[in-house]
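This report concerns only the one structure given below.
The values are calculated or read from the model by the stated rules, or taken from the named source; none is laboratory data. Since the model is a prediction, treat every value here as computed from it, not as a measurement. For neighbour counting, all protein chains shown are included, and Cβ atoms are generated from backbone atoms with ideal geometry for every residue, glycine included.
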Amino acid sequence: MITSKQRAYLRGLANGIPTIMQIGKGGIGENLIKTVSDALEARELIKLGVLENSMETPREVADALSEATDAEVVGVIGRKIILYRESVNHKKIEL
């Protein structure tokens, strides 16, 4: 569990990173969960976009992905989701 100060720090770091994936009408499948988990291991902090044609709201997508990948939801801003999970092998962010 991250504190509100850590969450604010991570939100600030996320401003400078691009959106690496978009979630559309296909929803959340096993392939997406595996890809997000791999991206979290490599980068620790990722930003995802939820398209308008998605069947779920960005908050629902964020909660489902965080539960499936054991990550923390840093924030949901509009249709963007920011996720964080501490990397085992590629530690880059010091909280």
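What is the residue count in region 66-95 for residues that are touching a strand residue (DSSP E or B) at 6+ places or on another chain (Cβ under 9 Å), among the hydroxyl-bearing types (Ser, Thr, Tyr) and not in a strand (DSSP E or B)? So the count comes out to 2. Restricting region 49-82 to residues that are charged (D, E, K, R) and more than 14 Å from residue 2 (Cβ to Cβ), the residue that is surrounded by the fewest Cβ atoms within 10 Å (Cβ to Cβ) is 52. Condition (residue is surrounded by 15 or more Cβ atoms within 10 Å (Cβ to Cβ), within 13 Å of residue 21 (Cβ to Cβ) and charged (D, E, K, R)) applied to region 83-95: is it met by at least one residue? Within region 83-95, not a single residue is surrounded by 15 or more Cβ atoms within 10 Å (Cβ to Cβ), within 13 Å of residue 21 (Cβ to Cβ) and charged (D, E, K, R). So in region 1-34, with the set limited to residues that are assigned to a helix (DSSP H, G or I) and exposed (fewer than 14 other Cβ atoms within 10 Å of the Cβ), which one is nearest to the chain's Cα centre (by Cα)? Filtering region 1-34 for residues that are assigned to a helix (DSSP H, G or I) and exposed (fewer than 14 other Cβ atoms within 10 Å of the Cβ), the one nearest to the chain's Cα centre (by Cα) comes out as 34. Close contacts from region 76-95, counting a first residue that is within 16 Å of residue 8 (Cα to Cα) and hydroxyl-bearing (Ser, Thr, Tyr) and a second that is outside any loop (DSSP other than H, G, I, E, B) and at pLDDT 75 or above, with Cβ to Cβ under 7 Å and a gap of 6+ residues or different chains, come to 84/10; 84/45; 84/72; 84/74.
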